[in-house]
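The values are calculated or read from the model by the stated rules, or taken from the named source; none is laboratory data. Here the structure is a predicted model, which means the values were calculated and not measured. Cβ placement follows ideal geometry from the backbone for every residue including glycine, while neighbour counts extend to all protein chains displayed.
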Amino acid sequence: MDFELSDEQRMILDYGSKLAESFDRKQWLDYARRHEFPEHIWRQMGEDGFLGLMVPEEYGGAGLGMMEMSLLMEGMADHGIPMQHLVVGPTMCLAHLARHGTEEQKQRYLPPACAGKEVWCFAITEPTAGSNSMKITTLAKSADDGDFRLNGQKVFITGSDVADYAMVVARTTPFQDAAKKTDGFTLFIVNLNAPGVTRQPMDMSIVIPERQCEIFFEDVALTKADVIGEVDKGFSILFDTLNPERIILAAMLIGLGRYAIGQAVEYACERQVFDAPIGSYQGLQHPLAEAKTEIEVATLMTYKAAWAFDNDRPAAEYSNMAKYYAAEAAIHAVDTAVQCFGGNAYTHEYGIFDLYPFVRMLRTAPLNREMLLNYIGEKVLGLPRSY
Ligand SMILES: Cc1cc2nc3c(=O)[nH]c(=O)nc-3n(C[C@H](O)[C@H](O)[C@H](O)COP(=O)(O)OP(=O)(O)OC[C@H]3O[C@@H](n4cnc5c(N)ncnc54)[C@H](O)[C@@H]3O)c2cc1C
């Protein structure tokens, strides 16, 4: 067993850190407060070859894997920059297209997306189905000529305000007509500027540049060329998208947790109250030490999940554990940092409290803590299902 990163992996982690330092969290927060996505960073990452980390070289990527993508995210988040676009576009959509797309799809869509010229988002959540994705009702009805008409609604779709394309999970067989509840799903490439698509930004209370939108599909024309994988068999390849989502979010969370602890340590060494640095008081020191330990434990699980995915081993167990534990560790880390900063935590100058709503949201989304624990309880431990 080897815990060392390769030179290339170290370079990717450093690239993320340097990019985040050159941009810095203060500027990021300015964009976040305006809910404006800093497109120039995206373009820069495309030009530098980092958006296509998980895409083969012949389609404009770097031919690397989940581990490298996680390290890029971790490097950025270590400096307080959690880029959600990197989750939904390059990690979920581009990597998925590279694994499951047709040759035509890969040639058409991957090179411009890797270069940062076209932006992708991922849409599965619906207002009525919620965590029960089996019950989505967005329907792509097929016609005799093999084409489809898409009708339905998605909600909370990150980055869809600026995206050109969405990878949309739809039913091609309604739930009630499917032989098994996992049958009847199909993944589609949907042009968000096509007739019949409407995007409505949502008014969210977390401070991030990326916006969430409701997306309405009204008789959107799709063809067989827009299908990723096989019609009705989308569920079998869906987890190639959802496991990476969990792993990269775990990487984001460990980075943010480390950033919060780093800021708190710096502050706690400088700030003197009762004639001693507040960091010397064990009421702060021990929670910081605990939080640091939890973040490093979460890091190991995240790397293990990425390793499993990259080596075609079953990755769901580790991905779910990594996302669950990283979210809890990051929430604890940020909460501890908020306590260290006292009143200053709530000022824009320090920007520490701004971390809290975001990491807290990641206990709920994309898959909430309870569903992650349900998975571990049922699939890993073999306990009976209650719902
Ligand atoms: C900021 C943000 C960004 C998002 N981005 C995207 C995106 O890009 N694409 C996308 O498709 N979706 C996205 N989502 C949606 C996200 O994945 C869902 O919010 C999430 O899956 C939870 O679904 P829900 O909100 O409908 O909660 P519900 O399903 O209504 O669940 C509410 C709560 O009930 C509990 N619960 C539900 N079922 C069970 C159960 N069986 N056992 C125990 N407890 C249970 C959980 O505590 C859960 O938090 C985003 C959401 C947010 C907040």
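Could you list, in sequence order, all residues of the stretch 121-137 that are within 11 Å of the ligand (Cβ to nearest atom) and in contact (Cβ under 8 Å) with a residue 24 or more places away in the chain?
Going residue by residue through the stretch 121-137, those that are within 11 Å of the ligand (Cβ to nearest atom) are 121-133, 135-136.
Passing the criteria: Cys121, Phe122, Ala123, Ile124, Thr125, Glu126, Pro127, Ser131, Ser133, Lys135, Ile136.
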Condition check for Thr158: more than 17 Å from Asp232 (Cα to Cα) and outside the structural domain of Phe37 (by TED's automatic domain parsing): yes
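Go through the stretch 273-387 and tell me which helices (runs of 4 or more DSSP H), entirely inside it, have 1 or more residues that are more than 16 Å from the ligand (Cβ to nearest atom) and not aliphatic (A, V, I, L, M).
Values: elements: 282-310, 316-340, 355-364, 369-375.
Here the list reads 282-310, 316-340.
Results for (1) in a helix (DSSP H, G or I); (2) within 21 Å of Glu47 (Cβ to Cβ), shown as yes or no for each residue.
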| residue | (1), (2) |
| --- | --- |
| Gly89 | yes, yes |
| Ala95 | yes, yes |
| Ala98 | yes, yes |
| Arg108 | yes, yes |
| Pro112 | yes, yes |
| Glu118 | no, yes |
| Pro127 | no, no |
| Ser131 | no, no |
Contacts under 9 angstrom Cβ, first residue in the stretch 302-313 being in the same structural domain as Gly257 (by TED's automatic domain parsing), partner assigned to a helix (DSSP H, G or I) and modelled with pLDDT under 95, 6 or more apart: Phe309/Asp240
Restricting the stretch 195-245 to residues that are under 24 Å from the mean Cα position of the chain (by Cα), of a type in the set (A, V, I, L, M) and surrounded by fewer than 16 Cβ atoms within 10 Å (Cβ to Cβ), the residue that is nearest to the ligand (Cβ to nearest atom): Met204
Matching residues, the stretch 28-53, being farther than 20 Å from Val119 by Cβ and either of a type outside the set (A, V, I, L, M) or loosely packed, with under 15 Cβ neighbours inside 10 Å (or both): Asp30, Arg33
Some residue of the stretch 335-344 being in contact with a Ser or Thr (Cβ under 9 Å, 6 or more places away or on another chain) and either surrounded by 23 or more Cβ atoms within 10 Å (Cβ to Cβ) or over 29 Å from Val380 (Cα atoms) (or both): yes
Residue within the stretch 121-144 that is under 19 Å from the mean Cα position of the chain (by Cα) and acidic (Asp, Glu) present: yes
